[in-house]
Amino acid sequence: MTSNRLLGKFIVTQSPLSHRGHPLGIAIAFCIGLGMAGARADEQVQPGKYLFQAAGCLACHTDSKHQGAMLAGGRALATPFGTFYTPNITPDLTYGIGQWSEEDFVRALTEGVSPKGAHYYPVFPYTSYTRMSRADLHALWIYLRSVPPVAQPNKAHDTSWYLTRIGNWAWQRLFFKPGSWEPQAGESDAWNRGAYLANALAHCGECHTPRNALGAPKVEMAYAGTSEGPEGARVPNITSDPDTGIGRWTQDELLDFLKEGALPDGDYTGGLMAEVVDNGLKRLSAEDAAALATYIASLPPIHHEVAHHHEVAEKH
Amino acid sequence: MKKASSLSASFVLTAVFLLGGSGIVRAIPPAESVKYRQDVMDDLKDAMKALKHATKAGDGQGAAAPAAKLQRLTKDLTKLFPPGSTNADSEAKPEVWSRWADFEQVANDARVKAEALAKAASSGDSAALQDAMRDMGSACKACHKDFRSDK
């Protein structure tokens with residue numbers, strides 16, 4: 001959008017010159033115009049691209065398992081509440097979010113409400129994105145406008161009959177607190193940056209915090225892990241509890257994990273966490289990775305042994 | 001009654017003969033394959049841990065032995081996954097067998113990266129060793145991403 005407008009201006013101002021010139025001159029002028037607009041546009045989308053990676057939008061909104069187009073949606077997310085299919089968030093006018101305004105986008109991410117007023121299922125982590133700053137939301141919006149539009153229709157969710165959009169409205173009244181992240185006085189800049197990254201962008205708690213029967217995070221169990229993660233994954237306790245959490249990890253080991261998915265015992269992470277590392281965490285700047293590690297290491301210890309699946313099966 | 005049982009017995013015998021002929025009966029029981037595979041994976045994990053420590057300490061000599069072990073153990077990773085080698089204890093996803101060609105590709109990539117790692121470890125070039133370690137870790141993670149479940 002932005003690059004087209006820039007390019008248009010350039011061509012209009014240059015056109016009298018080009019008419020007098022050689023066709024090659026026109027071509028050269030056109031190429032320079034394209035290059036300039038491209039560089040300019042690239043500069044504008046970079047901050048948003050970084051946030052986009054940290055926020056992990058790509059993994060859920062792209063059906064990479066079936067070579068789906070970038071951000072065209074359709075990825076299946078199996079949860080205890082049914083299977084959700086993520087929507088197309090490319091700027092396609094018919095099937096994507098091409099007709100949205102920036103206000104629509106901000107409302108979706110911070111209030112969990114679509115432009116038509118429908119309330120989103122909390123599988124979409126607006127519950128975390130609501131903590132994003134207005135400046136970051138703007139940058140993210142600029143980046144999302146720059147990706148290629150894809151004409152791919154959305155797929156209906158395959159969920160239990162009792163899950164409805166009206167239910168989502170009630171759920172939001174019960175469990176959702178909108179509002180951006182406020183830095184904590186008395187904590188270091190690194191800690192506060194890490195807290196913002198973890199709680200607003202990377203939405204770590206969406207998977208690492210267990211949920212109640214209504215799918216709301218159990219606040220008192222923040223980051224203590226669950227055996228009922230997305231796609232049936234066993235999500236580990238990442239609080240500082242030394243026995244059931246990661247309290248024995250060094251800062252160095254935490255950084256190795258965020259940057260490479262390497263675990264202290266020589267193992268390497270897999271499943272969804274490997275996607276989170278590959279698409280987002282390993283692209284964090286050194287400062288941001290260190291900030292995130294600082295915050296995660298400070299999570300209050302919660303003694304919570306996350307059951308392995310065969311143990312859960314034996315209990316029932 | 002007697003006739004029925006002898007009929008079913010011959011049925012079973014025929015089935016055993018057919019299965020035996022196709023090699024299924026002679027295959028290693030899944031529990032044994034799974035246990036063996038898990039032991040190899042544990043050895044790989046230990047080798048990676050030793051390598052990580054050696055790499056961080058800039059100890060090229062200390063890296064040589066675990067790197068050689070890693071190379072040996074990754075030569076034929078797909079052989080650790082015979083068809084049907086799964087049980088409640090196994091973390092191998094069904095995708096290992098349903099997307100066998102993709103699985104072969106990531107397993108082969110691990111072999112290639114382990115060879116490069118062994119070479120880097122014996123070269124004494126610590127920068128090359130660090131790069132090779134990162135590549136090896138990516139290969140482990142790439143396979144775990146698609147083919148290992150978090151149980």
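The values are calculated or read from the model by the stated rules, or taken from the named source; none is laboratory data. A quick note: this is a predicted structure, and the numbers were derived from the prediction, not measured. Note that each Cβ is placed from the backbone with ideal geometry, even for glycine, and that neighbours are counted across all protein chains shown. Side chains included, ligands, DNA and RNA excluded: accessible areas come from the protein's heavy atoms. Shrake-Rupley method; radii C 1.70, N 1.55, O 1.52, S 1.80 Å.
Here are the numbers for this structure:
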read-out: Solvent-accessible area of A:E206 with every protein chain in place, 1.4 Å probe, in Å² to the nearest 10; value: 30 Å²
read-out: Solvent-accessible surface ranking, highest first, for B:M41, A:M132, A:M221 at 1.4 angstrom; value: B:M41, A:M221, A:M132
read-out: Cα shape, the range B:90-151, gyration tensor, a/c 1.5 rule; value: prolate
read-out: Exposure rank, largest accessible area first [A:T83, A:T209, B:T86; 1.4 Å]; value: B:T86, A:T83, A:T209
read-out: In the range B:52-151, the GluC sites (Glu not before Pro) that fall in loop regions by DSSP, at most 15 other Cβ within 10 Å; value: none
read-out: Area accessible to solvent at A:W191, 1.4 Å probe radius, in Å²; value: 30 Å²
read-out: Shape of the range A:226-269, Cα gyration tensor, a/c cut at 1.5; value: oblate
read-out: Out-of-range pairs (alpha-carbon distance over 21 Å; input A:K259/B:K141; B:K56/B:K145; B:K52/B:K93; B:K45/B:K145; A:K282/B:K145; B:K79/B:K151); value: B:K56/B:K145; B:K52/B:K93; B:K79/B:K151
read-out: Additional length obtainable on full extension of the chain from A:S298 to A:S160, 0.36 nm per residue less Cα span; value: 45.9 nm
read-out: Selected from A:P242, A:V219, A:A297, residue furthest toward positive end of dipole (the range A:215-316; charges at beta carbon); value: A:V219
read-out: Accessible area (Å², 1.4 Å probe, nearest 10) - B:Y36; value: 140 Å²
read-out: Ranked order, B:K93, B:K56 - accessible area, probe 1.4 Å, largest first; value: B:K56, B:K93
read-out: Relative compactness, the range A:175-316, computed as alpha-carbon Rg over 2.2 N^0.38 Å; value: 1.04
read-out: Interface size B-A, as summed buried accessible area [1.4 Å probe, Å², nearest 100]; value: 1900 Å²
read-out: More than 20 Å apart - percent of Cα-Cα pairs taken over the range B:23-144; value: 45 percent
